Structures are given as structure tokens and as C-alpha cells.
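Each reported figure results from applying straightforward, stated rules to the coordinates on display, with no laboratory input. Just so you know, these numbers come straight off a predicted model, no measurement behind them. Note that we place each Cβ from the backbone using ideal geometry, even for glycine, and neighbour counts take in every protein chain shown.
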Amino acid sequence: MFSSLFGKKVKVYKHIFFDLDRTIWDFDQNMVDALRDLFFDNNLDSFFPDVTTFINTFTKHNDYLWEKYRLGELKKEVLRFKRFDMTLKDYGVNEQLLAKKMGEDYIKITPTKTALVPHSRELLEYLSPKYKLHIISNGFDEVQYPKLEKCHIAQYFDKVITSESSGYHKPCPEAFGYSLSTANAKKEESIMIGDDLEIDIIGAKKFGIDQIFFNRYKVSHKTKPTHEVNDLLEIKKIL
């Protein structure tokens, strides 16, 4: 939908779809805090040189396994256990019961962490009176909903759509199609805000909705999103 401003057509949005992790909720900081808790609670300093080594090892395996999960090559339950099992085995710890326990504890601990990406709350307060805000996330239901509650930002969002509820992972067009249908939103009235160039931005672009690439770390790329910002507050100049 367009309106006219001094004779020039200006696009008018009604629905804003946000990614959650690393766009609003500071995934990296919260993950580190949760892993630190697990490291010391389970006395892993007996096996690992230090907590940083443990976190880096976990991150390597987690990234690899998450991609397999996103592609449908791995079950959720396997991902939860395997990422800790592989991390422990790298340092000679072959204790599957411990890996399973850590996998379960991680899911419980992580949503209690409340670090937000800088200026995210201010942006949500600015946008919420003007638009309907929604979440499209590839995360687990039992993790994503508590994150919003614990950070006291659930009230800003009209719909929260996860890959578990939709049955599709971004960047599949079906993930965006399901989300727009759930929100009763049209493509021309919608815009996607996310930090992942392939999953959020290119996925939305291929589906046919506008995008704002939140390029927090100023990563070089050749994609041409509708808009690009390095700080969330810059979005106030766009919307």
C-alpha cells in the first residue's frame, strides 16, 4: 500500500515481522551467561582448560548441528543432547547422562537470561503504537516464549510464530507465508527485520516482502536489502 507525500509514493506498512535471536534478544551474551552457569555447576573445570574453551567448543558444534536441524536432518531432541555430547567428547569426557542433563538444563537456564540487543526496547516502544509487531523465529516454542516474558517485551507482539508452530524454518517461503497468514497480513503491507542475511533478509526478499537488514557488526556483503542499519535506532528514520 502506498500513500502520497508531496506527489511521491511512499510505502505504508501495517505489519512488522521481527527475528528474535540476535535482533532483539541478545543471543550471544545470554548463551555465554547460560554456558558459564553450566560449566561451574557441573565442575567442568576438571576437564576443560577454562570456561572460554568450553564455550568456544560448544559454539562450534551448536552452529553445525543447528544448520542440520534447520534443514530437517536432525530431530530437536537429538540436537539438544548431541551438542553437549560432542563438546564433552572433544575433551575426553564420554558421559552421555551428563550430556543429556546439560542439554535439559541449558533449555531451562537460557530463557531466564535477559540481555537485550542495545536499543531494542526503545525501538519496540516507538513502533508498537503505530504498527502490529510479530515474531518469526526458528527457535523452540518452550524457549522463545519465556524469553519474551522474562525480558518483559511479550506485550509488544501480536503474533509469535516459531518453526515448531508453523512446521517450516526460515528461509523457506512457507515460513513467511504461514506467518503472514497467521497475522492476516499482506505482502505489500509487511516488512521483515532481522540480523541473518540468508535466513531473514534473502528469505523475505525471495518471498516478496521488504526487509531491514540489521547489520550490527557491519559485515561486508553483496545483497541489496530494502534497507540496512547498523543500530536499531536507525529504524526510526525508516518507519
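Can you flag which of Lys75/Lys224; Lys100/Lys224; Lys68/Lys130; Lys76/Lys113; Lys60/Lys147; Lys108/Lys237 are past 32 Å Cα-Cα?
Values: Lys75/Lys224 34 Å; Lys100/Lys224 42 Å; Lys68/Lys130 38 Å; Lys76/Lys113 21 Å; Lys60/Lys147 23 Å; Lys108/Lys237 38 Å.
Table pairs above 32 Å Cα-Cα are Lys75/Lys224; Lys100/Lys224; Lys68/Lys130; Lys108/Lys237.
Taking packing as the residue-averaged number of other Cβ atoms within 10 angstrom, the listed peptides 61-72, 15-26, 116-127 run from highest to lowest as 15-26, 116-127, 61-72.
Look at where the Cα atoms of the stretch 79-110 and of the stretch 170-185 average out, and the two centres are 33 Å apart. Positive-end ranking of Leu123, Leu232, Ala204 along the dipole of the chain, with charges on Cβ about the Cα centre, is headed by Ala204.
Peptides 134-145, 153-164 ordered by packing proxy, namely the average of other Cβ atoms within 10 Å per residue, highest first: 134-145, 153-164. Rounded to the nearest whole Hz, the Karplus-based 3J(HN,Hα) values (6.51 cos²θ - 1.76 cosθ + 1.60, θ = phi - 60°) of the stretch 96-103 follow the sequence 5, 5, 5, 4, 5, 4, 5, x, with x at glycine and proline.
Out of all DSSP beta bridges with both ends in the chain, state the antiparallel percent to the nearest 5. It would help to have the intermediate numbers written out before the result.
Values: 5 of 26 bridges.
Bridges in the chain are about 20 percent antiparallel.
Calculate I(q)/I(0) for the chain by the Debye formula, one identical point scatterer on each C-alpha and no solvent, and give its log10 at q = 0.07 Å⁻¹ to two decimals. At q = 0.07 Å⁻¹ the computed log10 ratios are -0.25.
Computed packing ranks the peptides 85-96, 212-223 as 85-96, 212-223, most packed first, by mean other Cβ atoms within 10 Å. For the stretch 22-129, list log₁₀ I(q)/I(0) at each q in 0.11, 0.17, 0.20 Å⁻¹, using the Debye formula over Cα point scatterers of equal strength and ignoring solvent, two decimals each. Cα-only, vacuum Debye calculation for the stretch 22-129: -0.39, -0.82, -1.05.
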